[in-house]
Amino acid sequence: MKHFQDRVAVITGAASGFGREFATIAARLGMRLVLADVQQDALDSAAAELTAQGAQVIALRCDVRKAEEVQALADAAMARFGAVHLLFNNAGVGAGGLIWENTQADWEWVLGVNLWGVIHGVRIFTPLMLAAAQVEPGYEGHIVNTASMAGLLNAPTMGVYNVSKHAVVSLTESLYQDLKLIDAPIGASVLCPYFVPTGITQSHRNRPDELKADAPTASQRASQAMSDKAVSSGKVSAAQVAEWTFDAIRAARFYIYSHPGALGNVQKRMEEIVMQTNPGDPYAAAPHVREMLLAKLKGG
């Protein structure tokens with residue numbers, strides 16, 4: 001996708017983090033915006049700021065776990081703008097702890113947002129984009145699904161999150177191959193950020209009452225503390241990642257990384273799979289991290 005002026009971008013998780021930065025760049029490029037988020041006050045603020053800058057914006061509160069709300073988002077986009085060209089399935093939440101300590105509510109919440117949100121986005125918007133390509137001369141489209149380096153690696157005490165993000169990587173690779181198979185003028189990319197300062201570690205602020213969390217276990221507290229520290233100390237900004245994402249869209253590049261240096265661990269994991277060796281220590285190159293995690297697990 002090379003042209004953005006007057007095209008339509010749909011962004012979930014648009015009120016903060018990567019989504020907010022995607023919206024800023026899209027507005028700068030002259031795109032019309034459909035913003036969705038579950039946090040109404042932050043969504044209203046983002047929409048007001050972008051509108052004041054001259055962008056055409058509609059904003060809807062949308063819980064991406066729910067198919068009917070994603071459908072309503074699509075209906076609103078089509079009613080206002082008549083087409084969708086760029087889709088960011090970006091909404092995401094985080095949770096951790098030893099995998100057997102995650103409750104059913106934990107799984108339903110994380111998979112509901114991180115995986116089902118992407119499933120609903122792909123299932124509902126891709127047919128609309130394909131239909132637009134049939135009638136709009138020179139149509140260009142692109143879909144970006146936000147996964148994580150946790151979709152390529154499996155660190156301990158991050159199991160529920162790892163599972164959700166591995167599924168997003170697989171879903172997006174499948175989407176890419178299916179679009180290629182039918183020669184659609186729609187590209188696909190998967191964004192795999194590492195530790196970038198966003199609101200992901202505080203996503204429990206928007207956890208729904210019907211999936212209320214139990215009192216955290218020691219491992220969940222340890223995972224939260226480690227994630228808080230790693231994310232807050234990240235040196236790469238969400239704005240930088242958003243710029244790189246638009247560069248990838250222009251170049252039709254599938255994999256998007258915030259920290260390419262972390263790919264050494266991915267290569268090591270792939271080699272273990274091919275060589276049929278047991279999974280190695282993900283903290284082999286940083287044993288102090290494992291030590292800190294173990295200390296927190298023991299209450300240190």
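The values are calculated or read from the model by the stated rules, or taken from the named source; none is laboratory data. Since this is a predicted model, take the numbers as computed values, not measurements. Here Cβ is always computed from backbone atoms with ideal geometry, including for glycine, and neighbour counts include all displayed protein chains.
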field: Pairs with Cβ under 7 Å, 6+ apart, first in segment 217-236 and hydroxyl-bearing (S, T, Y), second in a loop (DSSP other than H, G, I, E, B)
entry: S219/L98; S219/T157; S223/G96; S223/T157; S227/G94; S227/G96; S232/P197
statement: Selection over segment 120-148 where residues are surrounded by 19 or more Cβ atoms within 10 Å (Cβ to Cβ) and within 17 Å of Q177 (Cβ to Cβ) yields a count of 9
- request: Inspect segment 247-255 for any residue being surrounded by 18 or more Cβ atoms within 10 Å (Cβ to Cβ) and under 22 Å from the mean Cα position of the chain (by Cα) and give the result as yes or no.
  value: yes
message: So, in segment 47-73, how many residues would count as being in contact (Cβ under 8 Å) with a residue 60 or more places away in the chain and aliphatic (A, V, I, L, M)?
response: 1
- prompt: Tell me, which helices (runs of 4 or more DSSP H) wholly within segment 100-198 include 1 or more residues that are in contact with a Gly (Cβ under 8 Å, 6 or more places away or on another chain), over 30 Å from E291 (Cα atoms) and not hydroxyl-bearing (S, T, Y)?
  reply: 117-135, 159-181
Which listed residue, of G13, G54, G19, G94, is over 21 Å from I143 (Cβ atoms) and either surrounded by 23 or more Cβ atoms within 10 Å (Cβ to Cβ) or among the aromatic types (F, W, Y) (or both): G94
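Criterion first (free of Cβ contacts under 8 Å to residues at least 24 places away in the same chain, within 30 Å of G159 (Cβ to Cβ) and among the hydrophobic types (A, V, I, L, M, F, W, C)) does W100 satisfy it? If you could, list the steps in order and put the result at the bottom.
Numbers: free of Cβ contacts under 8 Å to residues at least 24 places away in the same chain: yes; within 30 Å of G159 (Cβ to Cβ): yes; among the hydrophobic types (A, V, I, L, M, F, W, C): yes.
For W100, the condition - free of Cβ contacts under 8 Å to residues at least 24 places away in the same chain, within 30 Å of G159 (Cβ to Cβ) and among the hydrophobic types (A, V, I, L, M, F, W, C) - is met.
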field: Selection from segment 57-68 of residues that are of a type in the set (A, V, I, L, M), crowded, with 21+ Cβ neighbours inside 10 Å and touching a His at 6+ places or on another chain (Cβ under 9 Å)
entry: V64
- prompt: Is there a residue in segment 210-231 that is assigned to a loop (DSSP other than H, G, I, E, B), surrounded by 15 or more Cβ atoms within 10 Å (Cβ to Cβ), within 20 Å of the chain's Cα centre (by Cα) and not hydrophobic (A, V, I, L, M, F, W, C)?
  reply: no
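Got at least one residue in segment 110-120 being closer than 22 Å to A27 by Cα and among the hydrophobic types (A, V, I, L, M, F, W, C)? Reasoning before the result, please.
If we filter segment 110-120 for residues that are closer than 22 Å to A27 by Cα, which is where we start, we get none.
There is no residue in segment 110-120 that is closer than 22 Å to A27 by Cα and among the hydrophobic types (A, V, I, L, M, F, W, C).
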message: Anything in segment 150-178 that is within 11 Å of the chain's Cα centre (by Cα) and touching a residue at least 40 places away in the same chain (Cβ under 8 Å)? List them, or say none.
response: G151, S164, K165, V168
- request: All but one of (1) part of a helix (DSSP H, G or I); (2) surrounded by fewer than 12 Cβ atoms within 10 Å (Cβ to Cβ); (3) at pLDDT 90 or above hold for T277, so report the exception by its number.
  value: (1)
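Within segment 7-27, track down each residue that is more than 21 Å from V122 (Cβ to Cβ) and of a type outside the set (S, T, N, Q). Write out each step before concluding.
Initial filter on segment 7-27 (more than 21 Å from V122 (Cβ to Cβ)): 15-16, 20-21, 24-25, 27.
The answer is A15, R20, E21, I25, A27.
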task: Name, by its number, the condition in (1) over 27 Å from A225 (Cα atoms); (2) buried (at least 23 other Cβ atoms within 10 Å of the Cβ); (3) not hydrophobic (A, V, I, L, M, F, W, C) that does not hold for Q177.
output: (2)
field: Looking only at segment 14-31, and only at residues there that are touching a Phe, Trp or Tyr at 6+ places or on another chain (Cβ under 8 Å) and assigned to a loop (DSSP other than H, G, I, E, B), the one that is farthest from N145 (Cα to Cα)
entry: G30
- request: Scan (1) in a helix (DSSP H, G or I); (2) surrounded by 17 or more Cβ atoms within 10 Å (Cβ to Cβ); (3) of a type outside the set (D, E) for the single condition L87 breaks and write down its number.
  value: (1)
